[in-house]
1. Checking the structure you have, find out if any residue of segment 262-277 is of a type in the set (S, T, N, Q) and touching a helix residue (DSSP H, G or I) at 6+ places or on another chain (Cβ under 6 Å).
2. Could you identify the single residue in Ala116, Ala131 that is more than 21 Å from Gly424 (Cα to Cα), part of a helix (DSSP H, G or I), open to solvent by less than 20 Å² (accessible area, probe 1.4 Å) and in contact with a helix residue (DSSP H, G or I) (Cβ under 9 Å, 6 or more places away or on another chain)?
3. Output the residues belonging to segment 231-289 that are part of a strand (DSSP E or B) and aliphatic (A, V, I, L, M).
4. Starting from residues that are in contact with a Cys (Cβ under 8 Å, 6 or more places away or on another chain) and β-branched (Val, Ile, Thr), keep the ones in segment 349-380 and report whichever is surrounded by the fewest Cβ atoms within 10 Å (Cβ to Cβ).
5. Please state which one of Ile369, Ile388 is among the aliphatic types (A, V, I, L, M), farther than 19 Å from Ser482 by Cα and not in a loop (DSSP other than H, G, I, E, B).
6. Considering each of Pro332, Pro317 in turn, give the residue that is assigned to a loop (DSSP other than H, G, I, E, B), farther than 22 Å from Tyr248 by Cβ and not aromatic (Phe, Trp, Tyr).
7. Name every residue in segment 89-143 that is over 19 Å from Gly212 (Cβ atoms), among the hydroxyl-bearing types (Ser, Thr, Tyr) and within 24 Å of the chain's Cα centre (by Cα), in order of residue number.
8. Can you name every residue in segment 310-326 that is open to solvent by less than 70 Å² (accessible area, probe 1.4 Å) and over 12 Å from Thr420 (Cα atoms)?
Amino acid sequence: MKKEKAFLLTLLLAVESLSACGGAPAASNTPTGGDNRTDFAFGTYAFTKLDPADDYNGWATVRYGIGETLFTLDDSLNIQKNLVTDYSLSDDSLTWTLTLRGGVLFHNGDAMDGAAVKSSLERLVATNDRAASDLMIDSISADGNTVAITTTEPNPILLNALCDPYACIVDAAADGGSGEFEEYPVCTGPYVVKQYVEDSSAYLEPFDQYWGGTPASKSVTIKAISDTDTLSLAMQNGEIDAAYGLSYDTLSQFKDDAAFQVSQAATTRVYMLYFNQSHKFMSDENFRRAICMAVDKNSYASVLLNGAGTPTKSAFPDYLSYGDDNLMTDVPDYDPKGAKALLKSSGYVDTDGDGFLDKDGQKVSLRLITYGRTGLPQSAQALQSALIQLGMDVSFEQVETVNPYLTADNYDICVYAYVTTPTGDPLSYLSYTMGTGNGSNFGHYSDAQVNDLLSKLATEFDVKKRSDYALQIQQTATKDSSYCYLFHLNMFLVMKAGVTGMKQSPVDYYQITAKTAAA
C-alpha cells in the first residue's frame, strides 16, 4: 500500500514544479483550502535511512519529527519524561517499571501500549549491538500501559539510554522484513513519511492523531544537500526554510542578514584524532605525543571554524563535571619545536636526505583520512601540513563514508567527530571507544585499568563516583596520547526570519518538532 501511495505521489510530483534537489514538492509556503498551515523545507548535509534501530539512523528519525523516545533530554542534559508519565526502580536496582502515556498512537493508528513498547525494545536489542550493550536487558514484561524492564545487572544509565535515538518506539509488528521499514518506519512522532527517495529527499505529512497536538506544518520536505556551498545557496535563494550543516564560513553572513535567524548552542560533539595503534609508528607513545604537540587547537577552533569551536583536552565539554581540562594534566600543549625534539630523541631522523623522517630503515609515511562533516576536512588538511613540517610523509584523503576504512584498518590517523554524551552520561562514549574490542575502538586501544574503571562506571549509581570514574578513564587514555581531542563544536541552524518552533539543541538530535513552522 505504501509503495502504491509513493507511486501515485511520484506521478503527481511529475506534473508539479520539482525542487533542484528532486523527489518532493517545492515548499510554496502558500496555504490552500481551509488549512492555514504552510509547507516547510529543511536542507541537511547528511541523509540516511530511517529505521531507528539500524546503526545511527535514529538520529534522522528524531531530527525530522518522525519518531520519539520514551524519555528526552532538556538543554541541561537532564532526563525528562516523554512517552511515559511515571517510573520506578526496584529495591534490588534491577527492574525499572514504566507507566506509559495514554492515548499515544502509531502512524498506522494502532495504540502504543505496553506490549507494543516491549516488542519495539526487543527488536532494538536484537538489531543494534550498541543498544544491547547500553540497555543490558534481561527480560521485559508488559501489562496494559505498564512495562517492566529487568536488566542483567544494576544499570544506572537505562533511562539515559532510552533517550538515545536508537530507542525510538516503533510498531515492530508493522515491520514485514522486506526492507520497507528502513524508509517508512511506523513511529509516534508528529510527521509521517509519505515518500522517500534514497540519497535525495523525504516528504512528510502531519500525523493528525498525534498525541501532542496538531502539527504546525502542512508538510515537511527533507532535502539532502551534501555540498555546503549548494546548501548555503539554497538557503539564500529561499528554496529551503532552514539548513543544518552549513560551513562555518557562512555563519557571520547569515547572522548579519535580517532575512535570516541563527540558533547556536554549545554541544558535546568533539573533534578528535583516532590513532591506529596496530600500524607501525602509531604504536609508539612518543610518536603519538609528537603528533598531539603539532595540533594547534586554538587556531583550528578560532580560524577554521570561525570561532565556533572550543579547544579541549577532554572528550567532554567543561560544563560537565567530568570535562574539566584542568584535570587533564598529562595532555601536551601545542609545541611544534618540542614535537621535533621528541621525535629526534626517539630515533626519528632523516638518514637518507630525502626530506622525510625514518626509523629502523623505514620512512615515516602516514595515511590521514576524514569525511565531509563541516570542519573535519579543514582540520585534517591543517594537521597534514603540520605533520609535513615535522618531516612526515602524510597523504590525505576525504572519504564519503569513513567507518568502513576504520574497521578495515585502512588508515593511520583519522580526524573524527563524535557526540560524547548523546544521552547525558559519559559511559556510552567511553565504553564504546575505549573498551577493549568495542565497536568504536577503531585505534585498537586496550588498557586493563580502563576496562576495570569502565566496569565500575557501568554499575555505579552515585553521581559523584560516576564523574570520578569518567575522569580517571580519560586521564589514563590520554596520558600516553592514545586519544587526542581537538575542540568541542558550537553547532548552528540557519532559518528564515519568522520560522518558529525550531532551535539548535545541545544534544544535536532535536530539530523538527510539532511546533516547527515557516513564516
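1. No, every residue in segment 262-277 fails to be of a type in the set (S, T, N, Q) and touching a helix residue (DSSP H, G or I) at 6+ places or on another chain (Cβ under 6 Å).
2. None of the others qualify; the one that does is Ala116.
3. Selection gives Ala242, Ala243, Val262, Ala265, Ala266, Val270, Met272, Leu273.
4. Only one residue fits best here, namely Ile369.
5. Ile388
6. Going through Pro332, Pro317 in turn, the sole match is Pro332.
7. Thr127, Ser133
8. The answer is Thr310, Pro311, Thr312, Lys313, Asp324, Asp325.
The values are calculated or read from the model by the stated rules, or taken from the named source; none is laboratory data. Treat the numbers as computed from the prediction; the structure is a model and nothing was measured. Virtual Cβ from ideal backbone geometry, glycine too; neighbours counted across all protein chains shown. Protein only, heavy atoms only, side chains kept; ligands, DNA and RNA dropped before computing areas. Shrake-Rupley method; radii C 1.70, N 1.55, O 1.52, S 1.80 Å.
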